[in-house]
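The values are calculated or read from the model by the stated rules, or taken from the named source; none is laboratory data. Being a predicted model, the structure only gives us computed values, none of them experimental. When we count neighbours, we look across all protein chains shown, and the Cβ atoms used for this are built from the backbone with ideal geometry, even at glycine. Accessible surface is based on the protein model in full, side chains and every heavy atom, while ligands, DNA and RNA are left aside. Shrake-Rupley method; radii C 1.70, N 1.55, O 1.52, S 1.80 Å.
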Amino acid sequence: MKRYAVFGNPIKHSMSPLIHSYFAKSLNIEISYEPILGTIGKFNIEARNFLKDGGSGFNITLPFKQDAYNLATTKSNIALITGSVNTISLKDGEIHGDNTDGSGFIEDLTKNIGYIVENKKILLMGAGGAAMGVIPNILYENPAELKIFNRTFKKAKDLSKKFSDIGEIQAINIENENKLEFDLIINATSLGIDNVDFVLPNSFFKEDTICYDMSYGEASNSFMSWANKNNLKFYNGLGMLLEQAADSFYIWESKRPLITNELRSILKQRL
Ligand code: ATR
């Protein structure tokens with residue numbers, strides 16, 4: 001039986017063990033998948049020990065995605081471009097790093113929600129690890145424009161420079177902008193965790209603007225309340241969580257599990 005895990009700190013509330021066990025069962029594959037509370041500053045040794053003890057691969061969540069990047073001896077293109085790794089597998093004797101966050105996000109948006117990104121005006125809120133993980137995949141879909149807004153402008157500016165080779169991307173200052181009317185607004189900030197009110201000028205949206213929060217549960221409440229108040233369609237990041245997990249599962253087992261409505265409702269009950 002293959003052994004997998006997810007490393008994070010904190011890790012108690014991770015839904016990955018439930019998701020991967022469900023996937024394995026649905027495909028008649030026997031695996032074990034355990035949550036591991038990583039120690040800050042000791043990720044490298046703990047991760048290596050897991051592999052030495054027979055682990056076949058693992059997921060990585062906050063705050064170890066960059067450590068996982070450093071641990072990996074070979075990397076996929078998207079891991080190299082984003083500088084972060086959320087999936088480790090063993091491949092030809094190498095510790096291989098991949099990142100399925102961006103593909104998971106795009107799959108949820110395009111396949112599950114049915115949204116076409118091409119030629120759309122997109123606003124991405126936030127310039128941390130979560131934002132960085134999805135930018136290349138958004139740009140690959142050829143939006144009309146991708147603007148990044150962040151509390152700390154410099155971080156948005158740095159991100160836009162980092163990815164400017166891939167497509168049209170620009171950091172913005174709210175005060176300097178007027179009628180922008182985005183088609184899609186994505187929240188990749190952690191503002192909801194602090195229960196801070198979400199605010200954006202009225203000129204940033206129109207009647208059919210779609211709102212997507214990469215977080216879920218209580219962390220997505222601020223953005224959801226704002227979207228509801230303005231009568232905008234809102235989606236949380238549960239679909240992304242499932243899709244990135246399915247992509248990781250595929251990397252390990254070469255089989256992509258189906259994401260069923262039953263699994264979605266199990267997760268919703270857990271929130
Ligand atoms: P993650 O990996 O979840 O992206 P992170 O790298 O710490 O976490 O990034 C958090 C993001 O949320 C940042 O863009 C941060 O803005 P700053 O760069 O200005 O710190 C944003 N953020 C966090 N709390 C916020 C708040 N109360 N209001 C606005 N933005 C906030």
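At-a-glance table
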item: Scope the stretch 48-86; condition of a type in the set (S, T, N, Q), closer than 26 Å to Lys161 by Cα and not in a helix (DSSP H, G or I); matching residues; result: Thr61, Thr74, Ser76, Ser84, Asn86
item: So Leu18, is it aliphatic (A, V, I, L, M) and in contact (Cβ under 8 Å) with a residue 60 or more places away in the chain; result: yes
item: Residue satisfying condition, being within 22 Å of Phe234 (Cα to Cα), within 16 Å of the ligand (Cβ to nearest atom) and either without any contact (Cβ under 8 Å) to a residue 60 or more places away in the chain or among the aliphatic types (A, V, I, L, M) (or both), within set Val117, Val196; result: Val196
item: Checking Ile116 against (1) open to solvent by less than 10 Å² (accessible area, probe 1.4 Å); (2) in a loop (DSSP other than H, G, I, E, B); (3) under 17 Å from Ile185 (Cβ atoms), the condition it does not meet; result: (1)
item: Matching residues in the stretch 1-16 - criterion: being touching a Pro at 6+ places or on another chain (Cβ under 6 Å) and within 20 Å of Ile193 (Cα to Cα); result: Ile11, Ser14
item: Where a residue in the stretch 63-74 is free of Cβ contacts under 8 Å to residues at least 40 places away in the same chain and its partner, wherever it lies, is among the small types (Gly, Ala, Ser) and more than 13 Å from the ligand (Cβ to nearest atom), with Cβ under 8 Å and at least six apart; result: Asp67/Ala47; Tyr69/Ala79; Tyr69/Gly97; Leu71/Ala47; Leu71/Gly97; Ala72/Ala79; Ala72/Gly97; Thr74/Gly97
item: Those residues of the stretch 73-104 which are in contact with a strand residue (DSSP E or B) (Cβ under 8 Å, 6 or more places away or on another chain) and either hydroxyl-bearing (Ser, Thr, Tyr) or open to solvent by less than 10 Å² (accessible area, probe 1.4 Å) (or both), in sequence order; result: Thr73, Thr74, Ser76, Ala79, Val85, Asn86, Thr87, Ile88, Ser89, Gly97, Asn99, Thr100
item: Filter pass, Ser225 being under 21 Å from Ile106 (Cα atoms) and small (Gly, Ala, Ser); result: no
item: Looking only at the stretch 131-171, and only at residues there that are in a loop (DSSP other than H, G, I, E, B) and within 10 Å of the ligand (Cβ to nearest atom), the one that is nearest to Phe182 (Cα to Cα); result: Asn150
item: Residue under evaluation Asn221, criteria (1) under 21 Å from the mean Cα position of the chain (by Cα); (2) away from the ligand (no atom under 15 Å from the Cβ), criterion not met; result: (2)
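Yes/no matrix, rows are residues, columns are (1) open to solvent by less than 40 Å² (accessible area, probe 1.4 Å); (2) farther than 30 Å from Ser89 by Cβ; (3) not assigned by TED's automatic domain parsing to the domain that holds Leu124:
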{"residue": "Asp183", "(1), (2), (3)": "yes, yes, no"}
{"residue": "Ile186", "(1), (2), (3)": "yes, no, no"}
{"residue": "Leu191", "(1), (2), (3)": "no, yes, no"}
{"residue": "Phe204", "(1), (2), (3)": "yes, yes, no"}
{"residue": "Asn221", "(1), (2), (3)": "no, yes, no"}
